[in-house]
Amino acid sequence: DEYNDFDILLVDPPRDGLSSTVCGMALEGTFAHVVYVSCGRRALLRDLTMLCSAVGGFDVEDIAVIDLFPGTDAVETLVHLKRRDAR
């Protein structure tokens with residue numbers, strides 16, 4: 001119930017991605033949008049699969065890849081997720 005008064009969840013997890021607790025909070029709360037900043041491609045894929053495949057989950061609305069470290073293979077990814085159903 002403590003996560004039911006917010007429309008947007010902003011997450012910027014470490015390279016390992018979101019904990020299962022945070023994924024559950026995103027899915028169980030009333031968030032209409034999640035903004036996910038990621039530096040870990042594998043974790044991002046895992047987390048997006050969890051958030052987008054769940055009943056009442058999210059769809060990817062927009063995505064941007066930002067090259068903050070030219071000359072390396074490291075990139076930041078910014079993903080805007082929108083809840084599939086209106087709550």
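The values are calculated or read from the model by the stated rules, or taken from the named source; none is laboratory data. All values derive from a computational prediction rather than experimental measurement. Reconstructed Cβ throughout: ideal geometry from the backbone, glycine too, with neighbour counts over all protein chains shown. The accessibility values were calculated without ligands, DNA or RNA, using every heavy atom of the protein model including side chains. Shrake-Rupley method; radii C 1.70, N 1.55, O 1.52, S 1.80 Å.
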Would you be able to tell me the number of residues in the stretch 47-61 that are open to solvent by 20 Å² or more (accessible area, probe 1.4 Å) and part of a loop (DSSP other than H, G, I, E, B)?
2
Say we look at the stretch 62-87 and pick out the residues that are under 15 Å from Thr30 (Cβ atoms) and open to solvent by 30 Å² or more (accessible area, probe 1.4 Å); which of these is nearest to the chain's Cα centre (by Cα)?
Lys82
A careful count of residues in the stretch 22-40 that are more than 15 Å from Gly57 (Cβ to Cβ), open to solvent by 20 Å² or more (accessible area, probe 1.4 Å) and at pLDDT below 95 gives 1
